[in-house]
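A.B. asks: One structure is given below, represented as C-alpha cells, and several questions about it will come after.
The values are calculated or read from the model by the stated rules, or taken from the named source; none is laboratory data. From a predicted model like this one, the values you see are computed outputs, not experimental measurements. Because the Cβ atoms are built from the backbone with ideal geometry, glycine has one as well, and the counts that use them run over all protein chains shown. Side chains included, ligands, DNA and RNA excluded: accessible areas come from the protein's heavy atoms. Shrake-Rupley method; radii C 1.70, N 1.55, O 1.52, S 1.80 Å.
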Amino acid sequence: MLTQSEQSDTILRDAMERSGQRFTAQRAAVFRFLHATDIHPTADEVYRTVRADLPGISLGTVYKSLETLVGCGLARKLAGGNGSARYDGRMDPHYHARCLECGRLRDVPGPVNPESVVDVPVVMDGFAVTELRLEVVGYCDGCRPD
Ligand SMILES: [Zn+2]
Ligand SMILES: [Zn+2]
C-alpha cells in the first residue's frame, strides 16, 4: 500500500516526466498538500503550510510551483472572491460554492450536468466553449449573519 504522499509523488513524477520538467522537493511538497486538501488554498496558504516541511522555501517558489502544476494539468487555478487566486487539486468536474465575505471555496456535492443549466453552443455562436463553470455564492458557516 502506498501512502497518500507516495501516491502524490508518483502522480507528480509522471506528469513532470511527460512535460519534460524536473521533479523537485518544492514541487512535491506543494502538490502533496494541494492533492490532500479540499480547502482550495491561496498561494499564501500553501506557502504557510509547506514552509513547515521546507523552511527554506519562498512564496515565489510556491507560486511558480503552483503555476507548473496548473500547466501540467494537476491543479486548477480558480478566481477568488477578493482578487487572490485559489488552487484546486481536484480535477474531476465539480461546482464550487464561494463565500462572499471571506472568499473561501467549498466543493458542491453531486453530479455536474451542464446541459441542464443552459444550451451553451446555441447562445455562444462563434465562441469556442471548453467548459461551463457554475458558481454558487453565499455565506459560509463562519461568515453567515445570524
Ligand atoms: Zn466565509
Ligand atoms: Zn474544488
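A.B. asks: How large, in percent, is the carbon and sulfur part of the accessible surface of the chain at a probe radius of 1.4 Å?
C.D. replies: 51
A.B. asks: OK, next. For a Förster distance of 35 Å, can you work out the FRET efficiency between the beta-carbons of residue 51 and residue 127, rounded to the nearest 0.05?
C.D. replies: 0.25
A.B. asks: Output the relative contact order of the stretch 4-78, whole-number percent, from Cα pairs under 8 angstrom with separation of 6+ residues.
C.D. replies: So the answer I get is 31 percent.
A.B. asks: Let me ask another. Quick one: accessible surface of residue 50, probe radius 1.4 Å, all protein chains present, in square angstrom to the nearest 10.
C.D. replies: For residue 50, the solvent-accessible surface is approximately 10 Å².
A.B. asks: So between residue 10 and residue 143, what do we pick up on full extension, going 0.36 nm a residue minus the alpha carbon distance?
C.D. replies: 44.1 nm
A.B. asks: Put 77, 64 in order of accessible area, largest first, 1.4 Å probe: what do you get?
C.D. replies: Heavy-atom accessible area, descending, gives 64, 77.
A.B. asks: Further question on the same structure: Beyond 26 Å, what share of the Cα-Cα pairs of the chain remains, rounded to the nearest whole percent?
C.D. replies: For the chain, the share of Cα pairs beyond 26 Å comes to 35 percent.
A.B. asks: I've got another one for you. Taking amide H atoms as placed 1.01 Å from N in the peptide plane, list the residues 5 or more away in sequence, or in a different chain, whose amide H sits under 5 Å from that of residue 78.
C.D. replies: It is 86, 87, 88, by chain and number.
A.B. asks: Express as a percent, rounded to the nearest 5, the fraction of DSSP beta bridges in the chain (both residues included) that run antiparallel.
C.D. replies: The antiparallel proportion sits near 65 percent.
A.B. asks: Between residue 19 and residue 77, what is the label-to-label distance in nm when each label sits 7 Å out along the Cα-to-Cβ direction?
C.D. replies: Going from the residue 19 label point to the residue 77 one covers 1.1 nm.
A.B. asks: Something else now. So for the pair residue 134, residue 67, with labels modelled 7 Å out along Cα→Cβ, what separation do we get in nm?
C.D. replies: 3.3
A.B. asks: If you add up the charges near residue 27, with Lys and Arg at +1 and Asp and Glu at -1, over every other residue whose beta carbon is less than 11 angstrom from its beta carbon, what do you get?
C.D. replies: Residues near residue 27 contribute +2 overall.
A.B. asks: Distances over 21 Å make up what percent of all Cα-Cα pairs in the stretch 4-78?
C.D. replies: Value for the stretch 4-78 (Cα pairs over 21 Å): 16 percent.
A.B. asks: Next question. Tabulate in residue order the Karplus-calculated ³J(HN,Hα) for the stretch 21-31, using 6.51 cos²θ - 1.76 cosθ + 1.60 with θ = phi - 60°, rounded to whole Hz; enter x for Gly and Pro.
C.D. replies: Whole-Hz 3J(HN,Hα) from phi for the stretch 21-31: 10, 8, 7, 10, 4, 5, 4, 5, 5, 5, 5.
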